[in-house]
1. Go over the candidates B:GLU220, B:GLU124, B:GLU212 one by one and state the one that is open to solvent by 60 Å² or more (accessible area, probe 1.4 Å) and touching a residue at least 24 places away in the same chain (Cβ under 8 Å).
2. Of the residues that make up the stretch A:216-228, is at least one among the acidic types (Asp, Glu), modelled with pLDDT of 95 or more and closer than 24 Å to A:TRP67 by Cα?
3. So, in the stretch A:259-311, of the ones that are hydroxyl-bearing (Ser, Thr, Tyr) and away from every other protein chain (no Cβ under 14 Å), which residue ends up farthest from the chain's Cα centre (by Cα)?
4. Determine, yes or no, whether A:ALA193 is more than 28 Å from A:GLY71 (Cβ to Cβ), open to solvent by less than 10 Å² (accessible area, probe 1.4 Å), more than 16 Å from the ligand (Cβ to nearest atom) and within 12 Å of another protein chain (Cβ to nearest Cβ).
5. Restricted to the stretch B:371-397, and to residues that are facing chain A (nearest Cβ under 8 Å) and of a type in the set (Lys, Arg), which residue is nearest to the ligand (Cβ to nearest atom)?
6. Can you pull out every residue in the stretch A:224-247 that is more than 7 Å from chain B (Cβ to nearest Cβ) and open to solvent by 50 Å² or more (accessible area, probe 1.4 Å)?
7. Of the residues B:TYR368, B:TYR296, which single one is in contact (Cβ under 8 Å) with a residue 40 or more places away in the chain and within 16 Å of the ligand (Cβ to nearest atom)?
8. When you scan the stretch A:85-96, do you find a residue that is in a loop (DSSP other than H, G, I, E, B) and surrounded by fewer than 17 Cβ atoms within 10 Å (Cβ to Cβ), even just one?
Amino acid sequence: MDFELTDDQVALCDGIRDLCQGRFDIDTVRGLADCGGVDRQLWGELVDTGVFSLVVPEEDGGVGLGWAEAGLVFEQLGRALVPGPLVGTLLAAGVTDDAVVGLIERTDGSALVEYPDVLDALLVLDGDGVWRVDAAELSFELAQSVDPLTPVGRVAELPQGEEVGGCYGWVNRAVFLCSALQVGLATGARELAVAYAQERQQFGKPIGQFQAVKHKCADMYSREEVARAALYYASCVLDAPELADEDRAVSGARILAAEAADHNGKDCVQVHGGMGFTWEIDAHLYLKRAWALTPCFGSLDEHAERIAAMV
Amino acid sequence: MDIRFSAEEIAFRDELRDWLGEVLPTLGDPPDRDDWTARREWDMGWQRKLYDAGYAGINWPSEFGGRGSTPTEHLIFLEETTRMGAPYVGMNFVAQLHAGPTLILEATAEQQARHLPAMLKGEEVWCQGFSEPNAGSDLASLSTRAIRDGDHYVVTGQKIWTSFGHVADYCELLVRTDQEAPKHRGITWLICPMDLPGIEVRPITTVAGSSEFCEVFFDEVRIPVENRVGDENDGWRVAMVTFSFERGTAFISELLGTMNQLAEMAELARGIRRNGSTAWDDDEIRREIGHLQAEYDALWALTKRVVSQAQRTGMPGPGGSVFKLYYAEVKKRMADLAHRMLERGALVLAEGGGDEQTGGDMVASRLYVLSLSIAAGTSEIQRNIIGERILGLPKER
Ligand SMILES: Cc1cc2nc3c(=O)[nH]c(=O)nc-3n(C[C@H](O)[C@H](O)[C@H](O)COP(=O)(O)OP(=O)(O)OC[C@H]3O[C@@H](n4cnc5c(N)ncnc54)[C@H](O)[C@@H]3O)c2cc1C
């Protein structure tokens, strides 16, 4: 057993972090709100880097890595607030040839669809399988989304689409990738809060010197680290399902990551005081993305139930 | 990032299981909480059995009688012994989990030869004499002083909260050897035999009504200079090594025991009848159990990360502070949940095992968990450590 990152994994994280810093700086990211969340040129760079073909085998033209690496990459994307239908596009690789792919679960006839303006296709999961709905068949009305970087469309009647595969394992993998994004969000929010706590002065000293603020930052870090451990564990189980129960590992990561992202987002707002309540400061972007990702593929209560049934 | 165990590690686990399967049924019943003579016999007897079977000091070097294997095998050892209900480390805690590891890294060859094999054979109980009445969180301000007199330090002062002080043979003792130096630079780490003239031990009764810790008074106690670990006035650094083990990996069997307890709680919930259904049918209770399990699984994963760091660097990483902080809070929530389930049953402390009415030792556990955010550095201090040492926030002073 060696649960620390390998040198290759560290290099992968560094590479993606550099890519995000270079191409998805926060002004660029904010600007993506004006084009439905995805700019084809920038998206193409993610594609070229192999972000979406990470788990596709090399003989099929992919990078041939595992879920551990996919999780690490998605963590970095979350940390940098990179928008777009990242989860759907990764899972669709090797299944369809579309470049920008959404993914939702079919509930009843209507649905809320993320990034509706920029999709090539929407994949829909239901009890029978995975269905591809061409973007041209989707009619929707834009809704006011909680997250400016997660535009949402309201679809009155979700078409059936064409079947593209069985849905075994898709939900867990989608949940896992959402969790990875959220661990990254928890990190980004914590980093922003700590930087502000070091620089903002009140009563003649940096606010990070006050324990009320320092301890909040310490709690943010703890939550994030515990969630990260759960995430890494889940990724190891997805890569080697014989090791442990996949549902339990994924649901656990899900709960901890969603809560870490939510609490760290809120704490980040609080540490910024009045600035935290402004549009200008990025704190709200972490929180809103966390909120946009939580109601995907099962509620936290459902995940808690899934685990309880195994205790 | 690989949580798979190697063929060797799996073979180790299998052998250990077989051995535990044979030996555990022969142990008999554990002693009464307040019978300290019997408790010592029980804890030391178990340590001796481990030693004879080659399972003492799993990750200690073989030259000291250890098994010389990896922190991962130590993790497996703790996992299997807890899972199969073997005796807990008990009063061997200090020796096995932080004094011994500190000696391995910091002591002289003579000190190692003298104490490490004896610790492994269950011949020495150790205690930790760090805290003082006026030096708890601010440990570095400790004032028990040691004055050099030829080949001896003459030690006068008082320690407090010394767990197992009344049964211990040796003490990892922090003393002030330089009154003038800045507080962190005048401290020395000594091995103190507890039977020296001038030492008086007075047990203190805890909230749980037992005497797990003591006050220890030192009145001109003469400790040989050869008992010093590390240099004179370098004891703070040595104490930090001790803490990295105490906070880093010493809680592993605690966590595993807690997971067993959660499983028992789920069983209990399924059995407790109320208003025509069971406590398990209560959505809030059931989901909180699932939620707690998710958090314990995550802490177990975090433990594996800390152990993997120890494997790479020789010392547990700072993840230990995160673990301790988080664990204390989750375990308090679990104890509170037990009480919500037990309702009026929560009035009664179980004697011995307990039953469905009392929920085993869960009522006592609710008292015990109060100490988790105090012992080995309070949660406030852990937050300072994380804030300042990991996140780089400015120090208070
Ligand atoms: C069950 C148990 C076993 C123990 N065993 C041992 C042992 O074997 N050997 C040993 O040496 N010690 C032992 N201890 C002692 C333990 O390490 C101390 O109790 C602990 O470090 C706190 O010190 P204190 O009791 O003096 O509390 P104080 O330091 O007086 O703290 C009181 C309160 O003030 C808070 N506080 C103090 N300073 C700060 C600060 N800078 N910022 C914010 N809050 C602060 C604390 O968090 C706490 O809430 C044990 C304690 C317990 C409960």
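1. Values: B:GLU124 fails: open to solvent by 60 Å² or more (accessible area, probe 1.4 Å); B:GLU212 fails: open to solvent by 60 Å² or more (accessible area, probe 1.4 Å).
Criteria check complete, one pass: B:GLU220.
2. yes
3. A:THR278
4. Values: more than 28 Å from A:GLY71 (Cβ to Cβ): no; open to solvent by less than 10 Å² (accessible area, probe 1.4 Å): yes; more than 16 Å from the ligand (Cβ to nearest atom): yes; within 12 Å of another protein chain (Cβ to nearest Cβ): yes.
So A:ALA193 does not fit the description; no.
5. Within the stretch B:371-397, the match that is nearest to the ligand (Cβ to nearest atom) is B:ARG383.
6. Hits for the stretch A:224-247 are A:ASP239, A:PRO241, A:GLU242, A:ASP245, A:ASP247.
7. Working: B:TYR296 fails: within 16 Å of the ligand (Cβ to nearest atom).
Residue meeting the stated conditions: B:TYR368.
8. Pass one, the stretch A:85-96, residues in a loop (DSSP other than H, G, I, E, B): A:85, A:94-95.
Still in the list and also surrounded by fewer than 17 Cβ atoms within 10 Å (Cβ to Cβ): A:94-95.
The answer is yes; a qualifying residue exists.
The values are calculated or read from the model by the stated rules, or taken from the named source; none is laboratory data. Quantities reported herein were computed from a predicted structural model and do not represent experimental measurements. Virtual Cβ from ideal backbone geometry, glycine too; neighbours counted across all protein chains shown. Each accessible area value is taken on the protein alone, full model and side chains, heavy atoms only, with ligands, DNA and RNA left out. Shrake-Rupley method; radii C 1.70, N 1.55, O 1.52, S 1.80 Å.
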